[in-house]
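Below: the structure, in structure tokens.
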Amino acid sequence: MIRILLVVFLRDVMLARRIGGGGVLGLVFFLSLVTVVPFAIGPDLRLLSRIGPAILWIAALLASLLGLDRLFQADHEDGSLDQMLLSPTPLELIVLVKCMAHWFVTGLPLVLLSPLFGLMLDLDGSALWAVAATLLVGTPAFTFLGAIGAALTVTLRRGGLLLSILVVPLAVPVLIFGVSAAQSGTVPFLTPFLVLCALGLASVALAPIAAAAALRGAAE
Amino acid sequence: MDITQRCHLLIEDLSVARGERVVFGGVYLQLGSGELAEVTGPNGVGKSTLLRAIAGFLPFGSGRMSLVESEAMDSAPLAERLHYVGHLDGLKSALTARENLEIGLGILGRGRLTPLEALDRLELAHVLDLPVGYLSAGQRRRVALARLLIADRPLWLLDEPLTALDRHARALLKTIVAGHLGSGGLMLAATHEPLGLQGTIQVRLGAR
């Protein structure tokens with residue numbers, strides 16, 4: 001079973017690399033949001049460094065939503081999903097692995113580059129690490145929660161809009177605790193960070209079940 | 001060919017409904033090892049729906065179905081003991097034929113032939129390392145059919161398997177099907193053109 005899951009993971013990473021789009025698109029979107037905000041706010045470095053973590057988090061949320069609509073849709077359109085339904089491995093685990101591969105391609109680069117983008121928003125050293133650490137825990141939650149929306153909208157041609165409407169409310173708690181942990185000063189780092197970890201783990205555990213149920217319905 | 005023990009597919013009073021509308025009802029079918037059934041009927045009568053229902057993608061409205069393997073008493077779910085090749089070929093255009101088949105093997109499990117051997121049986125070994133997106137419709141179809149040989153499963157469900165295949169490829173498919181049946185496999189095909197094998201059971205849908 002581990003072998004099957006490894007095959008699915010490598011397949012999705014390989015497809016993302018061959019077809020392109022997904023990962024780089026999110027990264028460019030992230031970068032453009034972060035570069036545009038200082039222009040909109042004006043030359044106030046104090047304000048910028050205060051709202052910097054929030055901007056990075058919002059950018060990460062929107063960038064995560066960007067490629068999600070294709071997470072299952074491509075496999076639904078070409079019949080690969082039917083083959084996965086015939087696999088001896090439960091669909092829930094396949095969904096889990098697909099989400100992990102998706103995060104590996106789209107979420108992880110955001111996390112790795114977030115300290116660099118934080119510099120552009122005048123964050124200091126500790127804030128840079130706080131943002132990177134919270135994003136490392138928070139972006140998987142976005143991917144997994146988004147997978148529920150992606151599975152529900154898998155049969156819709158232009159599902160991206162509906163997906164955002166479905167997923168953003170679910171992502172709000174993650175955003176709240178992520179930003180409050182990243183914005184050190186008002187509250188201690190650890191408490192909201194642990195809640196964020198809990199939210200991340202819960203979404204990893206529960207979202208594949210919901211998404212797999214939605215995909216089974218879509219196969220009809 | 002080794003795995004396939006004596007199998008027996010039994011379908012009793014199967015009906016499938018989409019929403020309120022009953023697509024078809026009262027399908028009885030008994031298929032033993034080495035037997036091929038061809039589902040025929042006019043367009044839109046529910047041939048593909050029947051195959052998808054047997055594959056487990058659709059819930060039944062009513063009826064029962066079982067695939068009994070007399071020797072292997074392991075009660076693996078039906079979905080893990082069948083192949084389904086439908087209108088959508090389940091191939092990734094960006095990946096090569098070899099990669100597609102390796103993934104197919106990885107997902108379906110229980111390997112039999114290697115991708116090269118399977119493609120060779122369909123006389124397509126020369127496209128092994130070409131991206132499937134470069135292939136013609138008939139070649140894609142043959143790569144999808146090669147998946148049948150990659151993973152060992154007793155029941156084959158083929159939806160219009162002859163589409164886009166030239167006369168030679170049809171003959172190849174016929175040989176492969178005959179081999180599968182000869183080793184004790186079962187096959188159910190929805191088709192407008194008969195494969196022309198001896199002893200084919202005819203299932204006519206929509207004979208009103």
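The values are calculated or read from the model by the stated rules, or taken from the named source; none is laboratory data. Every value quoted in this text rests on a predicted model; they were computed, and no experiment measured them. Ideal geometry is used to build each Cβ from the backbone, glycine not excepted, and the neighbour counts take in all protein chains shown.
Remarks
- Taken together, the criteria exclude A:VAL179 from residues that are in contact with a helix residue (DSSP H, G or I) (Cβ under 9 Å, 6 or more places away or on another chain) and under 15 Å from A:ARG70 (Cα atoms).
- Matching option when the condition is away from chain A (no Cβ under 12 Å), free of Cβ contacts under 8 Å to residues at least 24 places away in the same chain and surrounded by fewer than 21 Cβ atoms within 10 Å (Cβ to Cβ), among B:LEU128, B:LEU116, B:LEU135: B:LEU116
- Check on B:GLY104, within 14 Å of chain A (Cβ to nearest Cβ), over 28 Å from B:LEU9 (Cα atoms) and in a helix (DSSP H, G or I): no
- Against the test of being part of a loop (DSSP other than H, G, I, E, B) and small (Gly, Ala, Ser), the options B:SER93, B:SER66 yield a single qualifying residue, B:SER93.
- So A:ASP75, is it charged (D, E, K, R) and closer than 24 Å to A:LEU161 by Cα: yes
- Long-range neighbours under 6 Å by Cβ, at least six apart or interchain, first residue of a type in the set (Gly, Ala, Ser) within the range B:26-49, second part of a helix (DSSP H, G or I): B:GLY34/B:LEU181; B:GLY41/B:LYS47
- Within the range B:49-62, tally of residues that are buried (at least 19 other Cβ atoms within 10 Å of the Cβ) and among the hydroxyl-bearing types (Ser, Thr, Tyr): 1
- Residue that is surrounded by the fewest Cβ atoms within 10 Å (Cβ to Cβ) [pool: residues in the range A:3-14 that are closer than 15 Å to A:MET84 by Cα and either more than 9 Å from chain B (Cβ to nearest Cβ) or touching a helix residue (DSSP H, G or I) at 6+ places or on another chain (Cβ under 6 Å) (or both)]: A:PHE9
- Unmet criterion (only one of (1) acidic (Asp, Glu); (2) in contact with a helix residue (DSSP H, G or I) (Cβ under 6 Å, 6 or more places away or on another chain); (3) within 14 Å of chain B (Cβ to nearest Cβ); (4) touching a residue at least 60 places away in the same chain (Cβ under 8 Å)) for A:ASP75: (4)
- Qualifying residue in the range A:6-23 (condition: at pLDDT below 90 and under 18 Å from A:GLY138 (Cα atoms)): yes
- Checked against the criterion of being away from chain B (no Cβ under 14 Å), basic (Lys, Arg) and assigned to a helix (DSSP H, G or I), the candidates A:ARG17, A:ARG46 yield just one match: A:ARG46.
- Some residue of the range B:75-82 being under 30 Å from A:ALA16 (Cα atoms) and in contact with a strand residue (DSSP E or B) (Cβ under 7 Å, 6 or more places away or on another chain): yes
- Selection within the range A:159-199 - of a type in the set (Gly, Ala, Ser), in a helix (DSSP H, G or I) and out of contact with any Phe, Trp or Tyr (no Cβ under 7 Å at 6 or more places or on another chain): A:GLY160, A:SER164, A:SER180, A:ALA198
- Exactly one residue out of A:ALA202, A:ALA218, A:ALA141, A:ALA211 is touching a Cys at 6+ places or on another chain (Cβ under 9 Å), under 28 Å from A:THR89 (Cα atoms) and in a helix (DSSP H, G or I), and it is A:ALA211.
- Members of the range B:121-141 that are hydrophobic (A, V, I, L, M, F, W, C) and over 19 Å from B:VAL177 (Cβ atoms): B:ALA125, B:VAL127, B:LEU128, B:LEU130, B:VAL132, B:LEU135, B:ALA137
- Residue among A:VAL97, A:VAL24 that is under 15 Å from the mean Cα position of the chain (by Cα), within 14 Å of chain B (Cβ to nearest Cβ) and either assigned to a helix (DSSP H, G or I) or more than 25 Å from A:THR191 (Cα to Cα) (or both): A:VAL97
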